[in-house]
1. Any residue in region 16-43 that is over 16 Å from GLY72 (Cβ atoms) sitting within a Cβ distance under 9 Å of a residue that is of a type in the set (Val, Ile, Thr) and surrounded by fewer than 20 Cβ atoms within 10 Å (Cβ to Cβ)? List the pairs, counting only those 6 or more apart or interchain.
2. Does PRO264 satisfy the criteria of being modelled with pLDDT of 90 or more and surrounded by fewer than 22 Cβ atoms within 10 Å (Cβ to Cβ)?
3. Conditions: (1) aliphatic (A, V, I, L, M); (2) more than 29 Å from the chain's Cα centre (by Cα); (3) farther than 21 Å from SER200 by Cα. ALA87 meets all but one. Number of the miss?
4. Given the criteria over 19 Å from the mean Cα position of the chain (by Cα), under 18 Å from THR171 (Cα atoms), part of a helix (DSSP H, G or I) and touching a residue at least 40 places away in the same chain (Cβ under 8 Å), does VAL248 qualify?
5. Looking at ARG325, ARG340, which is the one that is at pLDDT below 80, under 28 Å from the mean Cα position of the chain (by Cα) and either buried (at least 18 other Cβ atoms within 10 Å of the Cβ) or closer than 25 Å to TYR492 by Cα (or both)?
6. From LEU73, LEU77, which residue is crowded, with 22+ Cβ neighbours inside 10 Å, in the same structural domain as SER22 (by TED's automatic domain parsing) and at pLDDT 95 or above?
7. Restricting to region 154-174, count the residues that are more than 22 Å from the chain's Cα centre (by Cα) and either under 17 Å from ALA74 (Cα atoms) or not hydrophobic (A, V, I, L, M, F, W, C) (or both).
8. Just checking, which of SER214, SER200 is crowded, with 24+ Cβ neighbours inside 10 Å, touching a strand residue (DSSP E or B) at 6+ places or on another chain (Cβ under 6 Å) and part of a helix (DSSP H, G or I)?
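The values are calculated or read from the model by the stated rules, or taken from the named source; none is laboratory data. Since this is a predicted model, take the numbers as computed values, not measurements. Positions of Cβ are generated from backbone atoms using ideal geometry, with glycine treated the same way; all protein chains shown enter the neighbour counts.
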Amino acid sequence: MADQLLVFDTTLRDGEQSPGASMTCEEKVRIARALERLRVDVIEAGFPIASPDDFKAVKAVAEAITDSRVCGLARALNKDIERAAEALKPARAGRIHTFIATSPIHMREKLRMSPEAVLEAAVKAVRHARQFTDDVEFSAEDAGRSDPDFLCRVMEAVIAAGARTVNVPDTVGYSVPAQFGELIGMLRNRIPNADQAVFSVHCHNDLGLAVANSLAAVQYGARQVECTINGLGERAGNAALEEIVMAVRTRQDVFGCSTRIDTPHIVAASRLVSTITGFAVQPNKAIVGANAFAHEAGIHQDGVIKNRETYEIMRAEDVGWTANRMVLGKHSGRNAFRARLAEIGIALKDDATLNQAFERFKDLADKKHEIFDEDLQALVSEGALEAVESVKLVALETASGTGTKPHASVRLVWNGKDYEARAEGGGPVDAAFRAIEGVIASGAVLQLYAVNAITSGTDAQGEVTVRLERRGRIVNGHGADTDIVLASAKAYLNALNKLLVPDNRTHPQLPRGM
């Protein structure tokens, strides 16, 4: 294990704590399958005690995943641990991850518990979890601000109680790399039974140091990093999986370890998470940003032409940036279509789903000449969205021009009944949204409207993300089409369909984890 760095992905749990990043059960399973394809070691699927839907999602991921280990989070309470154990029963390999805060401010102000009571609760939680699985992880919440002596006592006690992974979270992003690395080194040196557990770190990005702190910890012997795709997470986010993995891979001379991540699938996972959560990836984001391997300056371009390594320390292909083009058209058959989906890591659950996706492919091929892999991802995503529709778009007409008031007319089917509405707006998209609301009258507030071109060219599909809020509940909607107004209407309706489904979930941040 000395040279293997375990990758613990918490996109489905901590990543969902980003305001507006709430995911459905089906969306969590899709992301989990992408993480499994990446060969992530541990997938933290959620917080089973939080709500019936969170329990359902963890159980669904546990049923779907066969290669990665599936983890459920639990406070240091018997009811949390038992709920997590129940959700993880279908898992081929499951882990219970229990935690309690150890910093003075958290113990005093949040828990209202003495240090001795916290120590006792931590040990009891680990022992209780060990009744259900041999794989128990313990986290000392806010370890970065905890008293080092007390932290040593807690970690030694939970390892003795059966924790095989001990996590040191920088919960509020307070640490700096030199300090945090030394903390990990101190714990490993001072704790007598440190060799009986894997030391893990979970860093937040409040000071922009989550990745740097995680890598510093790796240099001091941490052999598990907890991270998320695209650095998703509450507040400023978590350490970004793609950055940690590629740093360790690129600088093995410094870190002396490696991961089992299948890196060419990184970009696909990034795009999937971005699409589902509605959190766009900034162009200059390391590894997965659109400009990550772009060279604008003439001197850089000249150097790369002569020798790629003059300005590139990684190959774009190694993380999934390719120029692969699907050379199928409207006369192509289902087998060729299915084969290309398999090549880019898309597995459809049955022939009926394949046939529906193939029909959407045919419709798209009539609209644009070249079909790219990104278009296929959007087609499959659109099919997943249609599965939850109670309101369907039958027809949309819009008009706008110089000197005229933009207006839109819609025909909808809602629970089997036909409806029509017309509205004016500040533009065709606004008019379309107003016309839809003329039928649904949801009372939702539009919090986000974002447009992204899936591929290049004037015939590219536009991918639209819409975020709606109603009475404290936030949902994301997505739509794609070569007509950006139609894509916008699809996204708005997708969000409305989610709002119309009764919500059994509490806010993802309650109860709160690391």
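1. From residues that are over 16 Å from GLY72 (Cβ atoms), the pairs are THR24/VAL388; THR24/VAL501; GLU26/VAL388; GLU36/THR66.
2. yes
3. Checking ALA87 against (1) aliphatic (A, V, I, L, M); (2) more than 29 Å from the chain's Cα centre (by Cα); (3) farther than 21 Å from SER200 by Cα, the one that fails is (2).
4. So VAL248 fails the test.
5. One residue alone meets the criteria, ARG340.
6. Testing whether each residue is crowded, with 22+ Cβ neighbours inside 10 Å, in the same structural domain as SER22 (by TED's automatic domain parsing) and at pLDDT 95 or above leaves just LEU73.
7. 9
8. After applying the criteria, what remains is SER214.
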